[in-house]
Structure formats: structure tokens, C-alpha cells
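Notes to accompany the following structure.
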Amino acid sequence: ISGPQHSRNTKGPAVFISNHMSTLETMTFPGIIQPLKEITFIVKDALVSHPVFGAVMRSRNPIVLSRTNPRDDFRIVMEQGLERISKGISVVIFPQHTRRLTFNPAEFNSLGVKLAARAGVPVIPIAIKTDFWGNGRYTGYLGAIDRRKPVCIAFGEAFPVNGSGREEHQQVVGWIQDHLNEWE
């Protein structure tokens, strides 16, 4: 794990934007980030009703999306994200929508950057390599573990979002891709 001090060095709330490979980051980010900044997550509705993870996810006061109507989800993120940020709570988003063992920049949406721009808070990129924990066959969450694969988590320095956020979105994507290339 490198760079968590960037969270501490950032005044006020931020939007943390990360790729998403396994269930590990959902379980460990509260333990890594929460001591430095109060956080919540943007999650799909299935997580808050899951028999194993539901209670934990609900305890984070998440922003819950149905993922059936992109316009409604965008509105929910903007309204509830701004509300949480106005209370000093940072927001963690995984813009890939679901866990992927490979990083595809085309699947990485700009919702986190848009939220940060609208709220006037910085973005903190996070690159993760947690592909040691595969997706489960039946539940999707509890797959096989390959102990030979290392776990890598890197937090970047916070930066502001200006204008439309296109450049900042590309900066986040490039930062994540560079770390994943480095860890190969």
C-alpha cells in the first residue's frame, strides 16, 4: 500500500476514484481511508441487500444505485453525493460498475470526476491490483484465492477538477493504467 498519506494531506472531503478487481477493496478501503477521512461508497443496490455484505455496506451510509436507469443513477449520485460531501464525507466510486480482473479504460466512466467538479472538491485516484481474489461462480463475490499474486494499492495525490473534467478523467485513467503496467 502506498500513498495513503495523500488523503490526510487533503483538506476537506474528496472523491476517491478507483478501478475495481475484487471484493477486497470494498472490504479494506474503510480500514485504510476511514482513519484519515470519513467516507461512503457509491454501490449497486444488490450489495446493500446481500446476506453477507449487506449490513456492512449499509453501515457506510452508501449512495445506492439501481443500475437500471443511467439518468436516475446520475441524478442520485449528484444529489446524494453533494449532500454527503457538504457534510464533510468523502465519496469512493468504482467507475467500472463491476469487478474486472483486467482494466479497460473504455469501461471507466467519468461520474466521479463530474461529482468532484460539481462539489468543488479534489479527486484522489487509487490504483489497485487485487486479482488474487477471483469472482465466484455462484455468488460472484467469493471466488478462489491465488496466494501467489501480490496485492497492490496506490493512492495518488489529490488534484482539482477544472471545466468539464475531461482532462482530469484522462489523468485518473492514465494514472491507474501506469500503475497496473508497473505491477505486471
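The values are calculated or read from the model by the stated rules, or taken from the named source; none is laboratory data. Everything quoted here is computed from the prediction, not taken from an experiment. Here the Cβ is made from the backbone with ideal geometry for all residues, glycine too, and neighbour counts use every protein chain on show. These accessible areas exclude ligands, DNA and RNA; they are computed on the full protein's heavy atoms, side chains included. Shrake-Rupley method; radii C 1.70, N 1.55, O 1.52, S 1.80 Å.
Looking at Glu83, Glu107, can you tell me which residue is within 15 Å of His169 (Cβ to Cβ) and acidic (Asp, Glu)? Walk me through it before giving the result.
On the way: Glu83 fails: within 15 Å of His169 (Cβ to Cβ).
Only one candidate passes the filter, namely Glu107.
Of all residues in region 14-52, how many are open to solvent by 50 Å² or more (accessible area, probe 1.4 Å) and β-branched (Val, Ile, Thr)?
1
Regarding region 148-156, can at least one residue be identified that is of a type in the set (A, V, I, L, M) and more than 30 Å from Val52 (Cα to Cα)?
So far as region 148-156 goes, no, none of its residues is of a type in the set (A, V, I, L, M) and more than 30 Å from Val52 (Cα to Cα).
Restricted to region 53-72, and to residues that are crowded, with 16+ Cβ neighbours inside 10 Å and over 15 Å from Arg118 (Cβ atoms), which residue is modelled with the lowest pLDDT? First the steps, then the outcome.
Residues of region 53-72 crowded, with 16+ Cβ neighbours inside 10 Å: 53, 57, 60, 62-65.
Then keep just the ones that are over 15 Å from Arg118 (Cβ atoms); that gives 53, 57, 60, 62, 64-65.
Details: Phe53: 72, Met57: 78, Arg60: 80, Pro62: 94, Val64: 93, Leu65: 93.
This residue is Phe53.
Per-residue answers, yes or no, for (1) of a type in the set (Ser, Thr, Tyr); (2) open to solvent by less than 30 Å² (accessible area, probe 1.4 Å); (3) modelled with pLDDT of 90 or more; (4) closer than 21 Å to Arg71 by Cβ:
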| position | (1), (2), (3), (4) |
| --- | --- |
| Gly88 | no, no, yes, no |
| Glu107 | no, no, no, yes |
| Leu115 | no, yes, yes, yes |
| Arg118 | no, no, yes, yes |
| Val121 | no, yes, yes, no |
| Ile128 | no, yes, yes, no |
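In region 1-37, how many are of a type in the set (A, V, I, L, M, F, W, C), out of contact with any Ser or Thr (no Cβ under 8 Å at 6 or more places or on another chain) and more than 15 Å from Gly156 (Cα to Cα)?
Here the count works out to 1.
Name the strands (runs of 3 or more DSSP E) wholly inside region 1-83 in which the number of residues that are within 14 Å of the chain's Cα centre (by Cα) and farther than 22 Å from Glu107 by Cα is 1 or more.
39-44
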